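Input: a single structure, listed below in structure tokens.
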Amino acid sequence: MPEIDPWGDVEVGDYSQKMQDFGIDPIEDVENKMPDNYLIRRGIIFGHRGLDKFLEAKEKGKDVAMMTGIMPSGVFHFGHKSVVDQILMYQEMDAQITITAADIEAYNTRDISLEKSRELVIEEYLKNYVALGLDLDKTDFYFQSEGGNNYHLRSKQFAKHLTQNEVEATYGSAAPGKITSALTQYSDILRPQFKENGGPKPVVVPVGVDQDPHIRLTREVARKYRDADYYKPASTYHKFMRGLQGGKMSSSDEKSYIALTDSPEDALMKIDQAKTGGRDTLKEHREKGAKIEEDMVFELLTFHLIRDDNELKQIREEYASGEMLSGELKQIAKEKLSEFLVEHQEKRKEAGPIVKQYLKER
Ligand code: TRP
């Protein structure tokens with residue numbers, strides 16, 4: 001059995017263990033060459049494959065690309081936002097941006113119709129991406145089902161370079177729907193390198209660590225494919241935010257996440273109910289301080305709501321020392337969250353027509 005199933009439930013637990021198991025390199029190795037971004041400074045992006053080569057090429061003035069995919073699963077929540085924050089980082093680095101909507105994968109592995117995927121991708125994902133700052137005019141966005149002839153041809157050709165053993169060892173299964181999804185994803189990842197897209201060129205793929213099996217096999221395929229001289233795609237891995245009640249954040253459990261379209265009222269209520277690292281009694285809290293690592297509100301602040309390191313550090317110190325109470329921490333989070341949501345939802349309204357126009361003109 002593989003230790004990560006890209007189609008299963010992921011709860012990673014020990015990230016350094018996973019890095020060891022799979023040979024993922026620590027992000028610290030290349031940190032000084034990356035933009036000074038809070039995702040890196042805070043270890044939210046924790047590992048990579050081949051990012052050093054990507055960054056060297058970029059430093060030498062080579063055109064580079066970033067590619068990632070959206071699996072339409074339900075509402076767009078804060079757990080999904082970290083990928084968008086990374087896309088924006090690469091957009092700022094002037095990388096060419098490619099994003100796919102994985103409707104073939106959703107069809108084959110999740111029983112979601114192409115129509116439903118389309119609707120979810122537009123309403124839940126694209127509108128939120130644009131509201132967060134994605135510039136569609138500079139983005140190659142496509143649905144897998146409409147990827148074009150070359151893209152589908154490559155995906156079939158890549159099959160030649162895999163063995164059944166390799167597939168089974170990597171995915172723990174060789175179910176046809178999974179193989180089809182995997183081959184489609186290799187074509188996604190290599191797409192920015194197709195000749196018609198100005199390739200070959202270095203590409204980085206920001207993903208959760210559950211997607212690493214696809215990255216490993218795409219790197220294999222890139223090496224073996226003889227009809228073009230592809231660079232092995234680089235990748236980065238980010239941590240998953242935990243659910244508000246602790247445990248896994250999951251689209252099927254409303255209380256575990258805050259959606260970017262939740263009303264501020266609903267969202268604040270979820271903060272009220274969130275798991276904190278506060279102690280049982282005031283006396284104990286003042287003496288021992290909060291258990292920060294177990295505090296989901298602090299996690300939300302770290303991943304999303306506070307960009308200023310000093311501000312976060314100040315809060316961490318006060319909370320860890322017991323000077324600040326969980327209720328006070330929640331109050332800070334609530335103010336920031338409602339401000340964020342009001343502003344975001346305003347922008348999302350404006351994003352509606354932009355997305356519609358983009359899809360029409362494609
Ligand atoms: N399999 C990814 C997921 O489940 C979605 C995806 C499809 C993807 N193609 C991709 C991710 C290419 C990164 C790169 O979320």
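The table below gives the values:
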| read-out | value |
| --- | --- |
| Any hit, the stretch 5-13, residues being more than 16 Å from the ligand (Cβ to nearest atom) and at negative phi | no |
| Yes/no for ASP52 being in contact with a Lys or Arg (Cβ under 9 Å, 6 or more places away or on another chain), surrounded by 14 or more Cβ atoms within 10 Å (Cβ to Cβ) and on the phi < 0 side of the Ramachandran plot | yes |
| LEU190 vs. criteria surrounded by fewer than 14 Cβ atoms within 10 Å (Cβ to Cβ), in the same structural domain as GLU56 (by TED's automatic domain parsing) and of a type in the set (A, V, I, L, M) | no |
| Pair list, Cβ under 6 Å, 6 or more apart: the stretch 62-74 residue closer than 13 Å to PHE141 by Cβ, other residue acidic (Asp, Glu) and near the ligand (Cβ under 6 Å from one of its atoms) | GLY69/ASP188 |
| Subset of the stretch 79-98 [part of a helix (DSSP H, G or I) and not hydroxyl-bearing (Ser, Thr, Tyr)] | GLY79, HIS80, LYS81, VAL83, VAL84, ASP85, GLN86, ILE87, LEU88, MET89, GLN91, GLU92 |
| Tally, over the stretch 141-155, of residues that are within 16 Å of the ligand (Cβ to nearest atom), open to solvent by 40 Å² or more (accessible area, probe 1.4 Å) and not hydroxyl-bearing (Ser, Thr, Tyr) | 2 |
| Residue within the stretch 192-203 that is within 16 Å of GLU220 (Cβ to Cβ), of a type in the set (A, V, I, L, M), part of a helix (DSSP H, G or I) and within 16 Å of the ligand (Cβ to nearest atom) present | no |
| For ASN37: the one exception among (1) within 16 Å of the ligand (Cβ to nearest atom); (2) open to solvent by less than 40 Å² (accessible area, probe 1.4 Å); (3) at negative phi; (4) not β-branched (Val, Ile, Thr) | (1) |
| The stretch 66-98 - residue that is touching a Ser or Thr at 6+ places or on another chain (Cβ under 6 Å) and either farther than 20 Å from GLY8 by Cβ or open to solvent by less than 10 Å² (accessible area, probe 1.4 Å) (or both) and, of those, modelled with the lowest pLDDT | PRO72 |
| Number of positions in the stretch 203-262 that are polar (S, T, N, Q) and open to solvent by 20 Å² or more (accessible area, probe 1.4 Å) | 6 |
| Residues satisfying the stated conditions in the stretch 78-101, i.e. within 12 Å of the ligand (Cβ to nearest atom), aliphatic (A, V, I, L, M) and closer than 22 Å to SER256 by Cβ | VAL83 |
| Residue, nearest to HIS238 (Cα to Cα), within the stretch 43-63, restricted to residues that are outside any loop (DSSP other than H, G, I, E, B) and touching a strand residue (DSSP E or B) at 6+ places or on another chain (Cβ under 7 Å) | ILE45 |
| Residue check, LYS232 at pLDDT 95 or above and either of a type outside the set (Gly, Ala, Ser) or assigned to a loop (DSSP other than H, G, I, E, B) (or both) | yes |
| Pairs with Cβ under 6 Å, 6+ apart, first in the stretch 116-138 and of a type in the set (A, V, I, L, M, F, W, C), second crowded, with 17+ Cβ neighbours inside 10 Å and outside any helix (DSSP H, G or I) | LEU120/PRO72; VAL121/PRO72; VAL121/ALA101 |
| Subset of the stretch 304-332 (residues that are within 17 Å of LEU268 (Cβ to Cβ) and more than 25 Å from the chain's Cα centre (by Cα)) | SER326, GLY327, GLU328, LEU329, LYS330, GLN331, ILE332 |
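To keep it simple, each residue is scored yes or no on (1) within 15 Å of the chain's Cα centre (by Cα); (2) not in a loop (DSSP other than H, G, I, E, B).
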position: ASP9; (1), (2): no, no
position: LYS18; (1), (2): no, yes
position: MET66; (1), (2): yes, yes
position: THR100; (1), (2): yes, yes
position: ILE104; (1), (2): no, yes
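The values are calculated or read from the model by the stated rules, or taken from the named source; none is laboratory data. All values derive from a computational prediction rather than experimental measurement. Glycine also receives a Cβ, built like all others from the backbone with ideal geometry; neighbour counts cover every protein chain displayed. Remember, those area values only see protein heavy atoms, side chains included, never the ligands or the DNA or RNA. Shrake-Rupley method; radii C 1.70, N 1.55, O 1.52, S 1.80 Å.
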